[in-house]
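Enquirer: Please find one structure pasted underneath; my questions will follow.
No value in this document is a laboratory result; all are computed from the given coordinates. Small disclaimer: the values here were computed from a predicted structure and weren't measured. Cβ coordinates were reconstructed from backbone atoms using ideal geometry, including for glycine residues, and neighbour counts include every protein chain displayed.
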Amino acid sequence: MATNPNDITAAFVADAISVQEAAEKLAGPARQAFEKDGDLGKVEHELDGLWTAVTTAAEQTPHDKQGKLVDIVRAIKEMPQPIHEGKKFEVWGEELRWEQLPLFGAKTREGLDLARDSKSGKPDDAFVNFNAFCARVTAANVSDLSLYAIWILREALENPEDSDIVKETSSGLLKAASIWLIYASETLSKLSQEKKQFDGKMAKPGSSLSIFKDAPGWRGFNEDRWETWVERLTIVKDAVVAEDTKSLVSQALGEASKVSKSSG
């Protein structure tokens, strides 16, 4: 079996190896760098390679076939804390637990930016697939990437006025916004009910909702914001022309509707 991380994830997604075997092969170099050598610099290097392989696979794997990719991240998370006598497990100078998935958040943020970059030449599918992976990881309670949902939904549905969304929001961004609701509606609705907030202005409302910028609950999730997303997607569904976009918007509204009925 090839030891290149990208080869491992490719083989894993294609069913050539099991979830556990793929997880062990991918995480092994980073864990051994600490357990055998106590080499924190090498740990960071290997973790970077590990998560780059996973995020690359996320871009390249169709969003409806990513279940096993999420399983691999869960299997890595569930591995025991690596131990090297007399040394703390640190990444970027901070002592961490393995179950925190060191560098995963940083690499997914980097991956989101790269997949979104219009200069990268990547197709819309890469951006949509990457957002699906983030949504699925969040919904599976493997890692909380819900802030990314707000960023995508804000750019797609909050920055333009509701009547201008179809004109101003790209199809790729509309698809990515829809994909968050397709795979994580239940989680995002729950976070809205719980009013999960974020530090500073990271999750501030979009331009068309700036009237709420200082309102309580608008530095994160809230039920009014959730309802705004659903209402605006409903407008989009009736106005959008492209069938592939319309299909994802319809699926998103279907999932959101299930959540509304179950919580109503």
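Enquirer: Are there DSSP H segments in the chain that both extend 27 Å or more along their axis (alpha-carbon positions) and score a mean Kyte-Doolittle hydropathy of at least 0.0? List them, or say none.
Expert: Both cut-offs are met by 171-194.
Enquirer: Let me ask another. Where a ≥ b ≥ c are the square roots of the eigenvalues of the C-alpha gyration tensor, would you call the stretch 79-141 rounded, which needs a/c under 1.5, or, failing that, prolate if a/b is larger than b/c, or oblate?
Expert: Prolate.
Enquirer: When the C-alpha atoms of the stretch 31-150 are aligned to their principal axes, what extent does each axis show, in angstrom, from largest down?
Expert: Principal extents (largest minus smallest coordinate, Cα): 48, 29, 23 Å.
Enquirer: Could you tell me which residue out of A252, L47, G67 lies farthest along the dipole of the chain toward its positive end? Charges go on the beta carbon: Lys and Arg +1, Asp and Glu -1, centred on the Cα centre.
Expert: Checked the options; the winner is A252.
Enquirer: Principal axis extents for the stretch 145-264, Cα atoms only, whole Å, descending order, please.
Expert: The Cα atoms of the stretch 145-264 stretch 38, 31, 23 Å along their principal axes.
Enquirer: Given the chain, what whole percent of its Cα pairs are spread farther than 29 Å?
Expert: Every Cα pair in the chain considered, those over 29 Å come to 35 percent.
Enquirer: Run the numbers for S250 and I83: contour at 0.36 nm per residue of separation, minus the present Cα-Cα distance, in nm.
Expert: The S250-I83 span can extend by a further 55.3 nm.
Enquirer: To the nearest 20 debye, what is the magnitude of the charge dipole of the stretch 189-264 about its Cα centre, counting +1 on the Cβ of each Lys and Arg and -1 on the Cβ of each Asp and Glu?
Expert: Taking the Cα centre of the stretch 189-264 as origin, the dipole is about 240 debye.
Enquirer: Label points 7 Å out from Cα along the Cβ direction at E161 and E99: separation in nm?
Expert: Spacing of the two 7 Å Cα→Cβ label points: 5.0 nm.
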